[in-house]
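Here's the structure we're looking at; comments come further down.
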Amino acid sequence: MEIFKSESIVDFFDTFQTDYDCLNYLAQKKWENGFKCKKCNHTKCTIRKYNLARDCNRCHHIESPTANTMFHKVKFGIRKAFIIVYEMCCTTKSISASHMAKKIGVSRPTAWLFMQKVRIAMKSSELHDMQGAVIVDEFVFGGVEDLKQGRSSDTKKKKLVGAVEINEKRKIKRAYFKRIKDYSSKELNKIFETHISEEATITTDKWSGYKPLKKNYNIKQIKSNTSDFFEINTIIHQLKSGLRSVYSWVHEEHIEKYLNEFSYRLNRSIHKQTIFDNLINRLTNNKHIGYKDIIIST
């Protein structure tokens with residue numbers, strides 16, 4: 001199967017001109033290794049030409065290309081859903097739900113809901129730990145900046161921790177972020193246990209919360225106002241600027257989805273030509289998530 005490899009919006013619209021083109025792309029992804037009926041495991045089927053659904057030759061269970069994927073029950077058009085995916089992964093910064101809704105002609109809630117599904121698909125698999133040199137630092141987002149050094153005690157601000165892996169030339173390889181409730185060792189350990197190898201050489205500031213983690217990790221603690229933190233400070237600045245310039249407000253319970261989106265684009269910045277195809281793969285392989293699983297009850 002020929003995968004879409006381009007950063008050109010013209011190439012994108014030339015390739016995906018109709019809903020049928022998008023369904024065909026999904027079908028090839030979903031049944032790349034052959035058809036297997038979800039009900040009876042039979043491997044022979046008849047393909048319905050008008051919607052590319054597979055009709056099992058034994059039990060006649062019908063399955064569409066979008067069934068059991070994150071495109072399941074998309075009612076505003078599969079091509080518009082593809083446009084959302086392309087915009088979110090191929091742009092330098094993200095785009096607000098209000099702006100996206102105007103671009104593709106849907107309501108803001110509709111655009112927001114599907115964009116949240118895409119952000120869920122962007123979440124790291126957490127299978128490949130950071131190796132080598134890693135810098136870890138905690139920070140806050142939201143509210144008015146007080147320009148004071150040290151950790152903010154403002155309860156309205158969202159507490160976050162980030163980790164950046166750099167190479168021998170101090171170029172950034174990968175970055176990940178986690179939402180934390182406080183600056184305790186237990187909360188700071190979240191990013192260590194999910195993203196950092198015990199073999200990595202880790203640099204942190206002198207905050208006492210990192211000291212208990214030295215039992216399992218090779219941590220060097222130094223003052224945070226040194227050039228050793230330049231890379232992570234740059235990434236944190238880019239993250240904050242992006243969030244502030246695009247979104248007027250981000251809910252505490254959703255902030256990690258936006259962090260995952262930022263990391264996803266940053267970590268694949270050298271693979272821009274295949275980033276769309278990679279994200280379509282994730283959305284196809286992930287199970288359907290409904291509205292009630294995404295919204296925050298108030």
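Quick rundown of the values:
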quantity: Residue match in region 15-26 (condition: hydrophobic (A, V, I, L, M, F, W, C), in contact (Cβ under 8 Å) with a residue 60 or more places away in the chain and in a helix (DSSP H, G or I)); calculated: yes
quantity: Restricting region 207-261 to residues that are of a type in the set (A, V, I, L, M, F, W, C) and over 28 Å from the mean Cα position of the chain (by Cα), the residue that is nearest to ALA121 (Cα to Cα); calculated: TRP207
quantity: Any hit, region 34-54, residues being within 30 Å of ILE295 (Cβ to Cβ), in contact (Cβ under 8 Å) with a residue 12 or more places away in the chain, in contact with a Lys or Arg (Cβ under 9 Å, 6 or more places away or on another chain) and not hydroxyl-bearing (Ser, Thr, Tyr); calculated: no
quantity: Some residue of region 38-54 being loosely packed, with under 14 Cβ neighbours inside 10 Å, over 20 Å from the mean Cα position of the chain (by Cα) and aromatic (Phe, Trp, Tyr); calculated: yes
quantity: Members of region 24-37 that are exposed (fewer than 15 other Cβ atoms within 10 Å of the Cβ), out of contact with any Ser or Thr (no Cβ under 8 Å at 6 or more places or on another chain) and not polar (S, T, N, Q); calculated: GLU32
quantity: Condition check for THR194: at pLDDT 95 or above, outside any helix (DSSP H, G or I) and among the hydroxyl-bearing types (Ser, Thr, Tyr); calculated: no
quantity: Verdict on ILE78 being modelled with pLDDT of 95 or more and among the β-branched types (Val, Ile, Thr); calculated: yes
quantity: Subset tally (residues that are assigned to a loop (DSSP other than H, G, I, E, B) and either of a type in the set (Ser, Thr, Tyr) or crowded, with 19+ Cβ neighbours inside 10 Å (or both)) for region 248-278; calculated: 2
quantity: Residue that is farthest from the chain's Cα centre (by Cα) [pool: residues in region 190-204 that are farther than 11 Å from ILE219 by Cα and surrounded by fewer than 21 Cβ atoms within 10 Å (Cβ to Cβ)]; calculated: SER197
quantity: Output for region 84-118, where each listed residue is in contact with a His (Cβ under 9 Å, 6 or more places away or on another chain) and either aliphatic (A, V, I, L, M) or assigned by TED's automatic domain parsing to the domain that holds TYR217 (or both); calculated: ALA111
quantity: Helices (runs of 4 or more DSSP H) contained entirely in region 60-148, each with at least 1 residues that are polar (S, T, N, Q); calculated: 97-104, 108-121
quantity: Criterion (of a type outside the set (Asp, Glu), touching a Ser or Thr at 6+ places or on another chain (Cβ under 8 Å) and under 20 Å from MET100 (Cα atoms)) met by exactly one of LEU259, LEU283, LEU279, LEU243; calculated: LEU283
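The values are calculated or read from the model by the stated rules, or taken from the named source; none is laboratory data. Just so you know, these numbers come straight off a predicted model, no measurement behind them. We place every Cβ from the backbone using ideal geometry, glycine too, and count neighbours over all the protein chains shown.
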